[in-house]
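The structure's right below; bear with me while I get my questions together.
The values are calculated or read from the model by the stated rules, or taken from the named source; none is laboratory data. Only a predicted model underlies this, so the values are computations on that prediction, with no experimental measurement involved. When we count neighbours, we look across all protein chains shown, and the Cβ atoms used for this are built from the backbone with ideal geometry, even at glycine.
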Amino acid sequence: MLRKVEAPKTIEDGVHEGKIVDVKYRDTPFEYTDLVIEFEDDKRIVAGYPSAFTPVNKLGKLMTLFGAVLEVDKELDPTKIFKGKKCSFMTVTNEKGYANVVDGSLKPK
């Protein structure tokens, strides 16, 4: 099957605004919750967090920023909390040339 070579979509370092369009879960090699963010000309970037959440860890604090109330032993669905929400975030390019969401920069808009 022939496939066309596409130009890479570059993501400039800096602050961006977008929308969380999907929440995906993976368990290899560890359990992670990935927030898929769409922004600027249909570009997408993924911000990943360890899936376990507490009121004081990264995913728990982010869920609280997006309006969730975290109570011990209460069950919450991250997809319902994040999907469809507008957000802002900062990116930096790593040494391999890929853009990454800066830790702690994702915020609701």
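Suppose we keep only residues that are under 13 Å from His16 (Cβ atoms) and in a loop (DSSP other than H, G, I, E, B) within the stretch 65-109. Which one would you say is nearest to the chain's Cα centre (by Cα)?
By that ranking, first place goes to Leu106.
Right, here's the next one. For the stretch 65-86, enumerate the residues that are free of Cβ contacts under 8 Å to residues at least 24 places away in the same chain, surrounded by 10 or more Cβ atoms within 10 Å (Cβ to Cβ) and not hydrophobic (A, V, I, L, M, F, W, C).
Scanning the stretch 65-86 gives Asp77, Lys80.
State whether one or more residues within the stretch 10-20 are over 24 Å from Thr91 (Cα atoms) and in a loop (DSSP other than H, G, I, E, B).
Checked against the condition, which is being over 24 Å from Thr91 (Cα atoms) and in a loop (DSSP other than H, G, I, E, B), the stretch 10-20 yields no hits at all.
Suppose we filter Thr28, Thr33 for residues that are among the hydroxyl-bearing types (Ser, Thr, Tyr) and modelled with pLDDT under 95; which single one remains?
Just one listed residue meets the conditions, Thr28.
Also, quick follow-up: Within the stretch 47-64, how many residues are part of a strand (DSSP E or B) and either acidic (Asp, Glu) or free of Cβ contacts under 8 Å to residues at least 40 places away in the same chain (or both)?
Selection size over the stretch 47-64: 3.
Only residues that are in contact with a Lys or Arg (Cβ under 9 Å, 6 or more places away or on another chain) and in a loop (DSSP other than H, G, I, E, B): list them for the stretch 28-46, please.
Asp41, Asp42
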